Amino acid sequence: MPRRTSFSRELAAMRMTVADVMTGKVISVTAATPFKDIARRLVAGGISAVPVVDDDGRVIGMVSEADLLRKEEFREEFYREGYRPPLRARLRHPKGRRKADGDTAAELMTSPAITVSPTASAVTAARLMDVHEVKRLAVVAPNGRLVGIVSRRDLVKLFVRSDAEIAAEIRDDVLGRSLWVDTADVTVAVDHGVVTLSGRMDRRSEAGIAVGMTGRVNGVVDVVDGLTWKIDDSAWDFG
């Protein structure tokens, strides 16, 4: 039976950098940008958040649709009508009352913004989004200036490569150049991003390396390990 080896999507994105997937043309605002202008830019741009930059183009915060909606959520006329924002919302967003009173980006933004370097790996960006519970990151140069935005949707693009592209990279780069061992008897099949490696290699350790490197190819969703080997060197002591 082929052995199915599960690889996280983070692992598949290991070699791709933020610069490879980010959006470089970014709509931004300044600290003084009024509430309604921010709303117009979000709607016109079809985006859910904008970075806030200073006069030198350095990122100082981020304003999202959720920040703007605080004004509706915390409207005092609703309080007079007996309405209060749900407890969950008040506990999760303790600054909501302050943002509800905000009229400019400086008063509405979340600061400091969660940022990432364009040279960071895509998996680093994914981890930052997960840890900070955000859907996008401002991409900044070493001097702090805005160079792009990377979103969850951008990271999903890693998995839309065709099966033919994935198979070609595995054959040419992983098996053909990276392993430095005989892979003539190894075959590669890809179906919807799931790669099946089959055939025979000299050593069990080399087969394991081939499977691991295949899992790191961009666009690979999973790897089915159907490889066999001539020599089981898994218990060898090289010390």
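The values are calculated or read from the model by the stated rules, or taken from the named source; none is laboratory data. This one's a predicted model, so the numbers in the text were calculated from it and none came from an experiment. Virtual Cβ from ideal backbone geometry, glycine too; neighbours counted across all protein chains shown. Ligands, DNA and RNA are stripped out before the accessible areas are found, and what is left, the full protein with its side chains, is counted by its heavy atoms. Shrake-Rupley method; radii C 1.70, N 1.55, O 1.52, S 1.80 Å.
Subtracting the Cα-Cα distance of Val43 and Ala168 from their residue separation scaled by 0.36 nm leaves 40.9 nm. Amide H to amide H, with H built 1.01 Å from N, Gly61 comes under 5 Å of Val52, Ala113, counting only residues 5 or more places away or on other chains. The alpha carbon centroids of the stretch 183-216 and the stretch 117-177 are separated by 24 Å. Measuring nothing but protein heavy atoms, the accessible surface of the stretch 113-162 at 1.4 Å probe radius is 54 percent carbon and sulfur.
With a 1.4 Å probe and every protein chain kept in, tell me what percent of the accessible surface of the stretch 165-216 is carbon plus sulfur. Provide the component values of the computation, followed by the final result.
Details: 1290 of 2650 Å².
In the stretch 165-216, the share of accessible area belonging to carbon and sulfur is 49 percent.
Rolling a 1.4 Å sphere over the protein heavy atoms, what is the accessible area per residue of the stretch 141-215, to the nearest Å²?
Details: 4000 Å² over 75 residues.
The answer is 53 Å² per residue.
With a Förster radius of 30 Å, plug the Cβ-Cβ distance of Thr119 and Phe159 into 1/(1 + (r/R0)^6) and report the FRET value to the nearest 0.05. Kindly include the intermediate steps, with their values, before the conclusion.
On the way: r = 22 Å, r/R0 = 0.72.
So the FRET efficiency works out to roughly 0.85.
If R0 equals 35 Å, the separation of the Cβ atoms of Asp233 and Asp20 corresponds to a calculated FRET efficiency of about 0.45. Work through the residues other than Val150 whose Cβ is under 12 Å from its Cβ and net out their charges, Lys, Arg +1 and Asp, Glu -1. Neighbourhood net charge equals +3. Coupling constants for the stretch 215-230 follow from the phi torsions by the Karplus curve (6.51 cos²θ - 1.76 cosθ + 1.60, θ = phi - 60°), and in residue order they are x, 8, 6, 4, x, 6, 8, 7, 10, 9, 8, x, 7, 10, 8, 7 Hz; glycine and proline get x.
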